[in-house]
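Inspection log for the structure reproduced underneath, given as structure tokens.
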Ligand code: SER
């Protein structure tokens, strides 16, 4: 059966709606208040509080399409199916149905709605490990649906265990579904999960029964959940008989433009790889820059660094194909046009996306040739002397002076058979940081967060947002938020530097709200009702969608996922540490609270 991505999304959501699921909006690509990951990596990610037992406003059966970014596999991009951005279709049971319904519906959707033959289907289940038993129940369900034992493979944790998404959180055994594309097995050991390309993973049903704690132990969850995920790009690729995801309609116009802009054709394999890398990285960058939450710009830390790396890596591969500078604009236009009917935020942020992309391209253009020359000089000398490692100092110089991300230098070096002294690089980096006192760039370890400290800072963020609007005007709207246990960081639209008086006023208003010890309460209502009551709603929600609204007494009201402090008094006191520019028209405040415990 041939199917477009639009048709697939619709089919999936209506199928699960017909099974009693509420269709909810996918979340932002930038996770809120979760320092354990930089981007949303799976549909379950924004649902973690509900998988852990909090009540979801839309009920216990949910379905959606979620934008995801995973950069762990960035080096694999260029083959037929690896991508750094993808869309995930998902359905969830929050303590509602479990294995029987989940597997039966997956089977029904694949065979009756997508037209796959049951004979093409192979599945894997959890074989049991670490005191957790083999998943006999799933095996029995697959058999009852007519899948013969020979096509049910029990595999260890490495293959059939999913999660948590970050360092801690919900996880459990899973059953994965594969479509056999009919090509001959690569050998006697060939089975689903084999990388030869015969078996293509199409869907994953995770049975979330455990919570991984910060100590690394698995504790049973209060409720048994189901979390499933199906990749849009891969599925339409298989359904339309495309050999690679880059041939699907989601990539075809982009690939055509890259080809049209190319003036050099290196050896076939590297040309194809370069085209795919450019297409993938541009699409991901457009989605990150166009996210409704905003706030991620090319930079040197965290998510900003990932974005910078994606753009710069694409520029380098564009050079390889002889693509003239300025190319990012036309590619971004194509991505936006291709997706704007599904993700209107891209159209809304078109100018910002293109502005940031072209500015970063230009910044890198300026130093790329000089940096490449420096690299060639050093690498050439090393080769001549039979050495195999590029020093950390050189790698740092390439980073600091020429804007080469470390991974980028590593890639160039690897092409010449050289390694890079990473530890030496880190050392040089640290030294530089100490010298220039940019202590801000430290990464926090992966502690899961909904700690008391971050929860209170989250409440402080709401108070700050309201106070800024009172002092500066209603245009001062949230553009981004990032919370660590130590501080909050808040980006908002405002084009001038705030005066000391304005800062003082904002601080006083927040501290007054803290002194009044207002109760923080939550109510569930439709998005229309929330807006009618005057709640600030930052993110798109579907018409009629149930949302949570948090109010701090009569002071502020925002549509938000929580969690929050119980009262504003818990915050103790509020202090702004810094006010600075974040990007054009956006200011940034860093602030702390002085809660006693
Ligand atoms: N969370 C699981 C995955 O990412 C299922 O959605 O595969």
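The table for this structure:
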| item | result |
| --- | --- |
| Cβ-based exposure ranking for 92, 161, in which fewest neighbours within 10 Å come first | 161, 92 |
| Calculated SAXS-style log₁₀ I(q)/I(0) at q = 0.08, 0.09, 0.12 Å⁻¹ - the chain, Debye, Cα scatterers | -0.62, -0.79, -1.37 |
| Footprinting exposure proxy for 408, 109 (fewest neighbouring C-beta atoms within 10 Å first) | 109, 408 |
| Globularity ratio of region 163-209, using Cα Rg and 2.2 N^0.38 Å | 1.46 |
| Per-pair calculated FRET efficiency, R0 = 35 Å: residue 196 and residue 342 via Cβ, rounded to 0.05 | 0.60 |
| Residue order, fewest to most surrounding Cβ atoms within 10 angstrom, among 10, 227, 135 | 10, 135, 227 |
| Spacing of the two label points (7 Å from each Cα toward its C-beta) at residue 584 and residue 400, in nm | 3.1 |
| Approximate spin-label separation residue 19-residue 324, in nm, with each point projected 7 Å along Cα-to-Cβ | 5.3 |
| Label zone at residue 422, where the point sits 7 Å out along the Cα-to-Cβ direction: region 306-343 residues whose backbone N lies under 20 Å | 306-310, 313 |
| Relative contact order, percent, region 476-597 [alpha-carbon distance under 8 Å, six or more residues apart] | 31 |
| Per-q log10 I(q)/I(0), region 29-102, q = 0.13, 0.19 Å⁻¹ (Debye; single scatterer per alpha-carbon; no solvent) | -0.48, -0.87 |
| Cα-Cα separations in region 535-597 greater than 15 Å, expressed as whole percent | 68 |
| Helix-only [θ]222 nm of the chain, DSSP H runs n ≥ 4, -39500 (n - 2.57) each, per residue, nearest 500 | -12500 deg cm²/dmol |
| Debye-sum result for region 239-361 in log10 I(q)/I(0), which assumes one identical scatterer on each alpha carbon, at q = 0.14, 0.21 Å⁻¹ | -0.57, -1.20 |
| Estimated FRET transfer efficiency when R0 is 45 angstrom, pair residue 377-residue 260 (beta carbons, to 0.05) | 0.85 |
| Tail fraction, Cα-Cα pairs, region 174-286, threshold 23 Å, whole percent | 53 |
| Region 13-32 versus region 170-212: alpha-carbon centroid distance in Å | 24 |
| Between region 275-354 and region 467-494, the alpha-carbon center distance in angstrom | 25 |
| Cα-Cα separations in region 25-172 greater than 28 Å, expressed as whole percent | 28 |
| Nitroxide proxy distance, nm - points 7 Å out along Cα→Cβ at residue 183 and residue 4 | 2.9 |
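Just so you know, all these numbers are worked out from the coordinates, no wet-lab data involved. Because the structure is predicted, anything quoted here is derived from the model rather than measured. Every residue, glycine among them, receives a Cβ derived from its backbone with ideal geometry; neighbour counts consider all protein chains shown.
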